[in-house]
Every structure is written in C-alpha cells, then in structure tokens.
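Read the structure below first, then the notes.
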Amino acid sequence: MIILGLIMQAEACAPVKDGFSMNEPDASQRGRHEVFDPHLERRWRVRLLHLGDRLISRIYHHLTVLTPQRLPSDGPAILICNHTSGLDPLLIQSVCKRVVIWMMAKEYYDIGPLTPIFRTLQIIPVDRAARDTSAVRSAMRALQAGCVLGMFPEGRIETARELLPFQPGVAQMAIKTGVPVYPAFLDGTQHGTDGMVAAFARRQEATLRFGPPLKFNRRANVEIATNQLRDAVWVLRSARFK
C-alpha cells in the first residue's frame, strides 16, 4: 500500500516559480519525457495501478466525493487542489478516469526501485534545490500533448486548516497556453503533522469537491488570475460549512 502511495504521491511537489519559456530545452535538459501520452489510462500497467489506487482510496481510506470531477474526456487540462498530505494525489487520482501527470520532487523520483514506475506514469521530477526550468518545460509539453497536469499551487503541504498563498506558476501556464484550470478541494487528510508513511498507513476519512473550470486569455494579469484560482478553491472549501 505504501509503495503504491509513493507512486502517486506528490508530498514534495515543488512550486512552479516565475519565469519560464516555451523554447525547447537543450540537450542537457532532455530525456525526461520527450513524448507524453494523453491517454495513459489505456495502458494495462496503468490500469492495474489505477485499480489498486481505487481499492486503497475508496475502501481502505474512506473518500467521499461531494461534487464530481469535471475533467474533459480529451484534451489538455490543469487540475489544482489544496495540499494537506502526501496521500492527496492518490485520493484525487482514484476518482479521475484520466491519468493526472503530477510534478514530484526529484529526491522522491530518484528512489531506485520506483523510478521505472514513475516513468510509466510520466511523472515530472522537479529539482527543488534549483530553479528547474526544464521541469516547467516538461509540464508545458505535457499540456501541448493534451495531458492533464496536476499541481498544488500552495507549493507545499499545509500545516493548518487554512489555504496558503498560491504560487503564480499555475496562472502563468494557464495564461500562456489557454488551457482551462479545474479547481478541487480535499478535506480530512492529515495536515502535514505525522509524516508521509503515517498518511498512507493510517485510515483517513476525507471529502473531495471539484469546481467548474477557469480559463484565462493571454492578456490576463498573472496576479489577478492567481487570486482567482485561490478564490475558486476557497469557494469549494467554504461549501463544507453550508
């Protein structure tokens, strides 16, 4: 169970910071994922992983979906959510028919026995020790290929039950590509207190809400768009009190 969780986890999902280019990376930056498959869910290995994910998330952990996911059946999309636990990507993926390509910290990606599985899922490794523009380019190529890109705009796990400020990277990508952004809010998982292993091992009672997409034109202001994305997640959070 923990291994499967590691496959989908993005506890160390790094924020996408300012400054990126659509130019092709140089030779030293290539080789991560030159070709992205927008329908990974059709591969039998991925289907097996998805089945295991559903069993863990919906049976071992008790996940309740209060509003259904609205991702398109085809074409690019960006999925964003608040981030409270290393379990979050596992839960979110369990209710999405299409494979969500997450961005993961390189130190987790480089866990030897798991790296081939991460490659199968086309997870994008991010070097948090530097400004990893090649990871951003990989994310942009994934969108160009028609994939669903999963990101946690807070840039790190929440330690309290409040949304952290959003990093501008998601808004920058959405503005530059015109790809719609689908907000989600996850509640009930541990808030970064007991570590990654405990998050997977301890049974959770969680709820998940999805909201309507937001789309920005190329002239949109990054700061305003970032605030609008945070507001969209906040609205889903507020709905639990109604």
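Only the coordinates and a few stated rules stand behind these numbers; no lab work does. As the structure is a prediction and not an experimental result, all values here were calculated from the model. Please note: Cβ atoms are built from the backbone with ideal geometry, for glycine as well, and neighbour counts cover all protein chains shown.
Summary of computed values
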quantity	calculated
Interchain or long-range residues, amide H under 5 Å from VAL99's placed H	LEU40, GLU41
In nm, spacing of pseudo-spin labels at ARG161 and ASP127 (7 Å Cα→C-beta vector)	4.1
FRET efficiency, 1/(1 + (r/R0)^6) with R0 30 Å, evaluated for ARG237 and HIS62 via beta carbons	0.95
Burial order of peptide ranges 52-62, 211-221 (average beta-carbon count within 10 Å, highest first)	52-62, 211-221
In Hz, Karplus ³J(HN,Hα) per residue of segment 220-236 (6.51, -1.76, 1.60; θ = phi - 60°; x = Gly, Pro)	5, 7, 4, 5, 5, 4, 4, 5, 5, 5, 5, 4, 5, 6, 5, 4, 5
Neighbour-count ranking [beta-carbon atoms within 10 angstrom, fewest first] of TRP44, TRP102, TRP234	TRP44, TRP234, TRP102
Whole-angstrom gap from segment 120-149 to segment 68-86, using each part's C-alpha centre	16
